[in-house]
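Read through the structure below, which is laid out as structure tokens, and then see the notes.
The values are calculated or read from the model by the stated rules, or taken from the named source; none is laboratory data. The shown structure was predicted, so the numbers you read here are calculated from the model rather than taken from an experiment. Because the Cβ atoms are built from the backbone with ideal geometry, glycine has one as well, and the counts that use them run over all protein chains shown.
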Ligand code: SF4
Ligand code: SF4
């Protein structure tokens, strides 16, 4: 292993991680300095629910594709979402496994599993790029950050895929690029839309609490399949 | 940004945002990932395929862009990268107005379909409030807000008119159920129920008040209506003006506290229920010490407790139910109306999607008061029209006065063969009343025999059966009846014969009843002719009362029985003709 690869796997990551943690903490302090709106009214709606049930349901919403019309009726998009985010998780995990527990990758099964997950995420990334560029609705709501984040994540998946075996037999360049990209993401994420996972618990907590108090969450519905309309 | 000058109003809006932001709002402004999942959930998008400016995330970005530019570091450092952009001119504020008032009804359907939990409707409302604070708003919003600030209710109903209407409704109830019938108590202290209403009921739909009164009285309720602070609607919800919201809610809460009422019952109105029951206390920063409930829950409770009896075979028409967004998506009120409907109707048909997934009636968020956006509202109403049509019902029930107007408008626009009604009307119709009229009908009839002698009454209706029926009843009581079957004929006879009274149907071939009404009122020779509208389309009341002419002397819904017809005719003729006609008709 070259000194540069060692630097990329360790020092660079550690600096980038510290930077990300610092920015995130600052971000959270900033968000928390806004007062939370207070609800004074007595609960409405079904007696079977309450704010606690509401926010648990709200948090779990993402794992219940049947809960929202938008995920229920666009199940393929939902599968893409799952695959993409599993890929992100696997690629992040890889950035810790390679420097700190490389022996885990001696297992061919784990290598295949990680490559499958990350490979699928890469394909989804490409599909998402096409959707964002080709769809008029998606184009209208996209910012340079949206395109850039998606493109870079997709490229990152490609290098993560190549890096999974942690082999330098064909050269180190794929590993170096993967770690440099990882470090770049760690530093860039707090400034981009990718930091949405930081806000997710907040938005869903407050929405869930309100909707639980008002008897709207968990959603009750009479199923029927022929009411779907889509424009995309 | 630094060198570009900013208008006074734009500066105010930006500063105002800083004061309005709370954690929930900031979370929603930050969390959007532009995934597009919410796009299809908006009725505006569905009705305008190919126009991305209606997409919820696109609309939200028009607000998000100046939030980012001024309150979020990403937008401060790299504005173009995250599409952050400040506001500079009043023209930009006008454009923003068209988005937040004209392209969104704050229905919250996209909110419930966002995986990130972005509550666009909430910060859309906040933006409305910011624009209102600098005087940028649709004309109708300004007018209604002014009425609610100054007169105390959003339709500018004067106290004397309100009290007069309640008195008149009490008289009607007593004429129907006997002189001892309790009627509508006003400002009674220490009651179990204080009943608050939408001013639309006083102005256009008083039958909902008398139906509610009938239900309260039949249930033996100890109830009252307040003489002031009776308006449970709150335009602050639509205009985003929290100060107005707080002031209006406080007015109502204070009155209930003054009357020492135990429960404030809110008549069927989605935005009224949400404002009064939920948001009002937050806006007014007031923790109330009495209960509040929707009249839907009250009526259901009466049936369950055996306090009123209903017979569902009295409502056989196929009905469907439209969930108001404010009731269903912001207050969880969707099961009780269905339970009640199943108790009072024999043919209830579910509409899909429903409950918190239902589509907006398109009249929400104050849209009915913003006439400049009517074409796009009606276009977006296609989604609701399709939903209604698919049910096969001939009546749509809704627990919201705003929805009544929104649905009535779209039903007319899309030529659906449906009427709009409310649960209170259906419950009142299904009531089993044990002690009917106090005085036997024959006695009343006999006593009234000949009472209309000498009067010439013109009955105008395109239904020959109705004309024959009404003419027979009136002739039996001594009147000379003239008959007309279309609008032109009505005008011609009215001009020629100058009858003492005209009963007028609204829907007629040729000139409609509304045109006839207006022509008569504008004719110097005929303008004082008493007119009683008798119609099967009570929802068209607004079309008559909104004319800039004297209102009709009476307005009666079909079906109408002999007793009601006579009572209304006599009520009109007596005061008008008492002096000047008594001599001439002898
Ligand atoms: S669904 Fe939510 S995150 Fe996605 S575009 Fe709409 S508001 Fe943004
Ligand atoms: S709140 Fe309703 S009208 Fe407004 S964007 Fe969302 S779905 Fe459309």
Might you let me know whether the range B:51-58 holds any residue that is more than 18 Å from residue B:366 (Cα to Cα), within 16 Å of ligand 1 (Cβ to nearest atom) and in a loop (DSSP other than H, G, I, E, B)? yes
Of (1) within 12 Å of chain A (Cβ to nearest Cβ); (2) in contact with a helix residue (DSSP H, G or I) (Cβ under 6 Å, 6 or more places away or on another chain), residue B:124 fails just (1)
Kindly establish whether residue B:463 is in the same structural domain as residue B:528 (by TED's automatic domain parsing) and in contact (Cβ under 8 Å) with a residue 24 or more places away in the chain. yes
Mind listing whichever residues of the range A:30-70 are at the interface with another protein chain (Cβ under 7 Å from one of its Cβ atoms), within 25 Å of residue B:42 (Cβ to Cβ) and in contact with a helix residue (DSSP H, G or I) (Cβ under 6 Å, 6 or more places away or on another chain)? A:37, A:44, A:58, A:68, A:69, A:70
Tally, over the range B:240-265, of residues that are within 26 Å of residue B:221 (Cβ to Cβ) and within 21 Å of the chain's Cα centre (by Cα): 6
Among (1) within 14 Å of ligand 1 (Cβ to nearest atom); (2) under 18 Å from residue B:31 (Cα atoms); (3) under 18 Å from the mean Cα position of the chain (by Cα), the one test that residue A:128 misses: (2)
Mind checking which helices (runs of 4 or more DSSP H) fall wholly inside the range A:122-232 and carry at least 1 residues that are modelled with pLDDT of 95 or more, in contact with a helix residue (DSSP H, G or I) (Cβ under 9 Å, 6 or more places away or on another chain) and farther than 25 Å from residue B:60 by Cα? A:144-163, A:173-188, A:196-213
Condition met for residue B:26 (modelled with pLDDT of 95 or more, away from ligand 2 (no atom under 16 Å from the Cβ), assigned to a helix (DSSP H, G or I) and over 25 Å from residue B:406 (Cα atoms)): yes
Given the structure, is residue B:45 in contact with a helix residue (DSSP H, G or I) (Cβ under 9 Å, 6 or more places away or on another chain), in a helix (DSSP H, G or I), closer than 20 Å to residue A:136 by Cα and more than 10 Å from ligand 1 (Cβ to nearest atom)? yes
Only one of (1) outside the structural domain of residue B:31 (by TED's automatic domain parsing); (2) assigned to a helix (DSSP H, G or I) is not met by residue B:184, so which one is it? (2)
For the range B:114-142, which residues satisfy the criterion of being in a loop (DSSP other than H, G, I, E, B) and either within 16 Å of ligand 1 (Cβ to nearest atom) or modelled with pLDDT under 95 (or both)? B:114, B:115, B:116, B:117, B:118, B:119
Could you please find all residues in the range B:36-55 being facing chain A (nearest Cβ under 9 Å) and within 9 Å of ligand 2 (Cβ to nearest atom)? B:38, B:41, B:45, B:55
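Residue-by-condition table, conditions (1) in a loop (DSSP other than H, G, I, E, B); (2) modelled with pLDDT under 95; (3) away from every other protein chain (no Cβ under 14 Å); (4) away from ligand 2 (no atom under 16 Å from the Cβ):
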{"residue": "B:303", "(1), (2), (3), (4)": "no, no, yes, yes"}
{"residue": "B:317", "(1), (2), (3), (4)": "yes, no, yes, yes"}
{"residue": "B:320", "(1), (2), (3), (4)": "no, no, no, yes"}
{"residue": "B:328", "(1), (2), (3), (4)": "no, no, no, no"}
{"residue": "B:338", "(1), (2), (3), (4)": "no, no, no, yes"}
Within the bounds of the range B:62-75, is there any residue that is at pLDDT 95 or above, within 16 Å of ligand 1 (Cβ to nearest atom), in contact with a helix residue (DSSP H, G or I) (Cβ under 8 Å, 6 or more places away or on another chain) and farther than 17 Å from residue A:34 by Cβ? yes
Within the range B:1-23, which residues are at the interface with another protein chain (Cβ under 8 Å from one of its Cβ atoms) and part of a helix (DSSP H, G or I)? B:23
